Every structure is written in C-alpha cells, then in structure tokens.
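Worksheet: the structure to be examined is printed underneath.
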Amino acid sequence: MRSRSLRTSALSSHEELADALQALFVAELLNPSSPMWIVTPWISDVVVLDNRSGLFTGLLPDLPRRPIRLIEVLINLLQRGGGVVIACRPDDHNRSFTEQLQHRASAEGGWRERLSCRYASELHEKGILSGKVLLSGSMNLTYNGIRRLEESITITNDADAVARTRHAYEDRWGGA
C-alpha cells in the first residue's frame, strides 16, 4: 500500500473506516511507535478494537475478549514501551479524556513520562501518525467521526509523507 482513500457517507458503510483504525492500532500494539501522534480537535474514549470473538488473541494473548476502548489501547502501548502524543482542543470534554489517560498512565505503571497531551484552541487538523503509517483527513477521533458523519480519510505508508508529517508534528507538538 502506498496510499488509500476512504469515504464514508449515509449510504456507505463506516465499517471500512473502523477496520482501518483497528488495523492501525493492532499494528501499534505489536510494534509500538515512540511516539505515536494523535492530532484531533475532538477525542473520546471510543471503541477502537473489537476482540469479542478473540480475533486478536493469537497476536495479543493478553487482550481481553471484548470491545477495547482508546484509553485502554493507549495504556497498553505505553506498557509495551511506546510513546503517545495527543493534540486536541482545550475544552472540558477533551480535558476529561486526557486527564483520565494521564491518571491511568501514572497509576498503572509510571508511564506518564512517555505520554504528552497538548492543547490548541484553533486546532482543526486531524491525523494519526505511527512509525510508518499516516491516517489523515476530516475525521475526529469520536463516535460520530468513526461511525456517523461523512468523512474523507487518506491512509498512507509513503515514507516521504510520513517523514514530513513527523517533522511537522515534532516541531508543533513535540515528542513523548
């Protein structure tokens, strides 16, 4: 894959987008980035992995057989040695999410130093950047962004696009 475009609408399935996010987070759990950047104006503790059937048990034996939410995945990434940078708007909803994540990172193993939460009032950009993959487009990391609204997303593993975005994110948001 070099690049792939996804479009969701009222007439098209949102499962393709959810599956792409799930694949990205599973890949991160197997080989965590340091850091993984999540840049989104709005962020929620949404379900990002569906392991009810045990689909990922062979790859990740410690993963419970149930839907797995974003905070749990991010804590798991930190446990596995990864880093996480979240950039979002400084509203109460987002701060509730980031404070819960920071509390769990501190309480469950002292991984707080590999987690960075940044805020910008005018943030509109949306992107998730792992070590080798960039997912960008119109989607916020919320239930509505993943499951309801019309979205246009590009997923790429183009080394130049990934490197340019990494430099931009490092300059703007720093690392973990």
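The values are calculated or read from the model by the stated rules, or taken from the named source; none is laboratory data. Here the structure is a predicted model, which is why all the values come from computation and not from measurement. All Cβ positions, glycine included, derive from the backbone under ideal geometry; neighbour counts span all protein chains shown. Note: areas computed on protein heavy atoms with side chains; ligands, DNA, RNA excluded. Shrake-Rupley method; radii C 1.70, N 1.55, O 1.52, S 1.80 Å.
Within segment 126-176, restricting attention to residues that are out of contact with any strand residue (DSSP E or B) (no Cβ under 9 Å at 6 or more places or on another chain) and among the small types (Gly, Ala, Ser), the residue that is farthest from LEU30 (Cα to Cα) is ALA168. If only residues of segment 94-106 that are open to solvent by less than 10 Å² (accessible area, probe 1.4 Å) and touching a Leu at 6+ places or on another chain (Cβ under 7 Å) are counted, the one that is modelled with the highest pLDDT is LEU101.
Taken over segment 141-167, the criterion of being outside any helix (DSSP H, G or I) and surrounded by 18 or more Cβ atoms within 10 Å (Cβ to Cβ) is satisfied by LEU141, THR142, GLU151, ILE153, ILE155, THR156. Each residue in segment 112-133 was checked for being among the basic types (Lys, Arg) and either in contact with an Asp or Glu (Cβ under 9 Å, 6 or more places away or on another chain) or open to solvent by less than 80 Å² (accessible area, probe 1.4 Å) (or both), and 2 pass. A search for C-beta distances below 8 Å between a residue of segment 1-28 that is surrounded by 11 or more Cβ atoms within 10 Å (Cβ to Cβ) and assigned to a helix (DSSP H, G or I) and any residue that is hydrophobic (A, V, I, L, M, F, W, C) and at pLDDT below 85, counting only pairs 6+ apart in sequence or on different chains, returns GLU16/LEU6; LEU17/LEU6; ALA20/LEU6. Condition check for GLY109 on (1) under 27 Å from THR8 (Cα atoms); (2) surrounded by fewer than 15 Cβ atoms within 10 Å (Cβ to Cβ): one failure, at (1). Checking each residue in segment 65-76 for being open to solvent by 40 Å² or more (accessible area, probe 1.4 Å) and out of contact with any Lys or Arg (no Cβ under 9 Å at 6 or more places or on another chain) picks out only ARG69. Scanning segment 65-89 for residues that are closer than 18 Å to ALA176 by Cβ and part of a strand (DSSP E or B) yields a total of 5.
Listed here are the residues, each with its yes/no results for (1) within 20 Å of ASN140 (Cα to Cα); (2) open to solvent by 10 Å² or more (accessible area, probe 1.4 Å).
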{"residue": "PRO32", "(1), (2)": "no, yes"}
{"residue": "LEU49", "(1), (2)": "yes, no"}
{"residue": "LEU78", "(1), (2)": "no, no"}
{"residue": "VAL84", "(1), (2)": "yes, no"}
{"residue": "CYS88", "(1), (2)": "yes, no"}
{"residue": "ASP92", "(1), (2)": "yes, yes"}
